Amino acid sequence: MPAKQENHGAIDNKQLISIIERIEKLNEEVAALAADVKEIYTEAKSAGYDPRYVRQMVRLRKMDPDELDEADELTKMYRTALGL
């Protein structure tokens, strides 16, 4: 539970505006980065790559090597069980 403020519920307008403006700025940056990423996936598709698999490779590269090995083994086990 947050500590009670000494101002008994008064709002520091300048601080609140600063916080909101910083959040808005970061949200704009996130949107711009998302547009950049989308453009790169479009570029990949134009170059003949399947964006679904490019996304999958990005996810896999983020994984810890041991976690990746475990995921590979589980995938193989499930594929074998399903006769794939």
_Long-range lysine pairs (8 or more apart or interchain), region 5-84, Cα under 22 Å_ = 5
*For the residue pair residue 37 and residue 11, what label-to-label distance in nm results when each label sits 7 Å from Cα along the Cα-to-beta-carbon direction?*
3.2
*Rank 35, 71, 44 by mean-square fluctuation in a GNM of the chain with C-alpha springs under 10 angstrom and give only the top-ranked residue.*
71
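At a 1.4 Å probe, what is the % contribution of carbon and sulfur to the accessible area of the chain? Walk me through the numbers before you get to the answer.
Values: 4760 of 8250 Å².
Result for the chain: 58 percent of the exposed heavy-atom area is carbon or sulfur.
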*How much accessible area per residue does the chain have, in Å², with a 1.4 Å probe?*
98
*asked:* With a cap of 15 neighbouring Cβ atoms within 10 Å, and only residues DSSP puts in a loop, list the GluC sites (Glu not before Pro) found in the chain.
replied: 6
*Can you tell which of 12, 64, 50 shows the greatest fluctuation in a Gaussian network model of the chain with Cα springs below 10 Å?*
12
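Show me the trypsin sites (Lys or Arg not before Pro) within the chain that DSSP assigns to loop and that have at most 15 other Cβ atoms within 10 Å of their Cβ. Working shown, then result.
Numbers: sites: 4, 14, 22, 25, 38, 45, 52, 55, 59, 61, 62, 76, 79; in loops: 4.
Within the chain, the qualifying trypsin sites (Lys or Arg not before Pro) (loop, at most 15 other Cβ atoms within 10 Å) are 4.
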*If you project the alpha carbons of the chain onto the principal axes, what extent comes out on each, in Å, largest first?*
67, 37, 22
*How much FRET efficiency would the formula 1/(1 + (r/R0)^6) give for residue 45 and residue 19, where r is the Cβ-Cβ distance and R0 is 35 Å, rounded to 0.05?*
0.35
*Given only helices, namely DSSP H runs of n ≥ 4 each adding -39500 (n - 2.57), what is the per-residue ellipticity at 222 nm of the chain, to the nearest 500 deg cm²/dmol?*
-26000 deg cm²/dmol
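The values are calculated or read from the model by the stated rules, or taken from the named source; none is laboratory data. Remember, it's a predicted structure, so these values are computed and weren't measured experimentally. Don't worry about glycine lacking a Cβ; one is built from the backbone with ideal geometry, like all the others, and counts go over all protein chains shown. SASA here: full protein model, heavy atoms, side chains in, ligands and nucleic acids out. Shrake-Rupley method; radii C 1.70, N 1.55, O 1.52, S 1.80 Å.
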